[in-house]
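Note sheet for the following structure.
The values are calculated or read from the model by the stated rules, or taken from the named source; none is laboratory data. Everything numeric in this text was worked out from a predicted model, so none of it was measured. When we count neighbours, we look across all protein chains shown, and the Cβ atoms used for this are built from the backbone with ideal geometry, even at glycine.
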Amino acid sequence: MNVEELKKAVAREALSFVEDDMVVGLGTGSTTSYFIRLLGKKVMEEELEVYGVPTSHQSRILAIESGIPIASLDEVDAIDIAVDGADEVDPDLNLIKGRGAALTMEKIIEYRAGTFLVLVDEGKLVERLGQKMPVPIEVIPAAWRAIAEELEVFNATAELRFAAKKDGPVVTDNGNFILDARFERIDDPLDMEIELNTIPGVVENGIFADIADVVLVGTPEGVKRLER
Ligand SMILES: O=C(CO)[C@H](O)[C@H](O)COP(=O)(O)O
């Protein structure tokens, strides 16, 4: 089974968490894209009353294409479940997210969800956060250099993220820049998440400590379920 097949398998399994009349937070990224397409099919075939609350332009466009009625956060009373991918998952189900630069809206929506369901393939499991991936940090554009320098205090080296199909830096859905910060060691993810957000000019960071409820892990032996 290749990685794409593992992503599809977890996306299929995630459908069983969605019931009629639910408001569903729609994450961003390739794994969640499989889920959104499948959810669109389920909504139409089973004539469900489900609303999706997108976390990005990507998930909004895909939800519309897939036939899922969408609403913004300020139009719904509550989010029953949010479904999203992740870049790393540690043994306590703390996450790094934000490779797709959608971390701020993702955290806003996933923090508020009754259940936050995470979809990954087994290659995303790590012993300690930061082992493979940098921590993305969304920053106010004018502050990027000052914040990159300040991150040295945390023993981190930060790079401004550049765009692939645009000249210059990545600009997020909120009009900000992304710094990718590599830390020597993240011993306490929750503490680091809070600390980073105290730096003036930081909008949000990609450590999601203590908020994932269930992680579905795609493996060649089948989908495994991890719970806190
Ligand atoms: O955090 C994210 C976007 O900001 C994604 O959920 C994360 O990068 C995982 O993406 P993929 O499923 O494509 O591996």
ask   = For E152, all conditions in the list (1) among the acidic types (D, E); (2) in contact (Cβ under 8 Å) with a residue 12 or more places away in the chain; (3) surrounded by fewer than 17 Cβ atoms within 10 Å (Cβ to Cβ) hold save one; what is the number of the exception?
value = (2)
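Conditions tested, residue by residue: (1) under 21 Å from I96 (Cα atoms); (2) surrounded by fewer than 17 Cβ atoms within 10 Å (Cβ to Cβ); (3) modelled with pLDDT under 95.
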site	(1), (2), (3)
V10	yes, no, no
V18	no, no, no
L26	yes, no, no
T32	yes, no, no
R37	no, no, no
E49	no, yes, no
I61	no, yes, no
query = So which residues in segment 96-127 are more than 12 Å from the ligand (Cβ to nearest atom) and either of a type in the set (S, T, Y) or without any contact (Cβ under 8 Å) to a residue 12 or more places away in the chain (or both)?
reply = Y111, T115
key: Selection count, segment 8-39, where residues are away from the ligand (no atom under 16 Å from the Cβ) and either at positive phi or in a strand (DSSP E or B) (or both)   = 2
key: Selection within segment 145-180 - hydrophobic (A, V, I, L, M, F, W, C) and closer than 22 Å to S56 by Cα   = L160, F162, A163, A164, V170, V171, F177, I178, L179
query = Which one of these is among the charged types (D, E, K, R), modelled with pLDDT of 95 or more, loosely packed, with under 15 Cβ neighbours inside 10 Å and within 14 Å of the ligand (Cβ to nearest atom): E65, E4?
reply = E4
ask   = Looking only at segment 40-62, which residues are within 16 Å of the ligand (Cβ to nearest atom) and either touching a helix residue (DSSP H, G or I) at 6+ places or on another chain (Cβ under 9 Å) or on the phi > 0 side of the Ramachandran plot (or both)?
value = G52, V53, P54, T55, S56, Q58, S59, L62
key: Unmet requirement for E88, which otherwise passes all of (1) more than 12 Å from the ligand (Cβ to nearest atom); (2) touching a helix residue (DSSP H, G or I) at 6+ places or on another chain (Cβ under 9 Å); (3) of a type outside the set (V, I, T)   = (1)
task = Kindly provide the set of residues from segment 40-71 that are assigned to a helix (DSSP H, G or I) and either over 18 Å from the mean Cα position of the chain (by Cα) or not assigned by TED's automatic domain parsing to the domain that holds R99 (or both), ordered by number.
result = G40, K41, K42, V43, M44, E45, I64, E65
message = Taking the conditions exactly as written (farther than 17 Å from V120 by Cβ and either within 16 Å of the ligand (Cβ to nearest atom) or in contact with an Asp or Glu (Cβ under 8 Å, 6 or more places away or on another chain) (or both)), does D74 satisfy them or not?
response = no
query = What is the residue count in segment 206-224 for residues that are under 18 Å from the mean Cα position of the chain (by Cα) and assigned to a strand (DSSP E or B)?
reply = 7
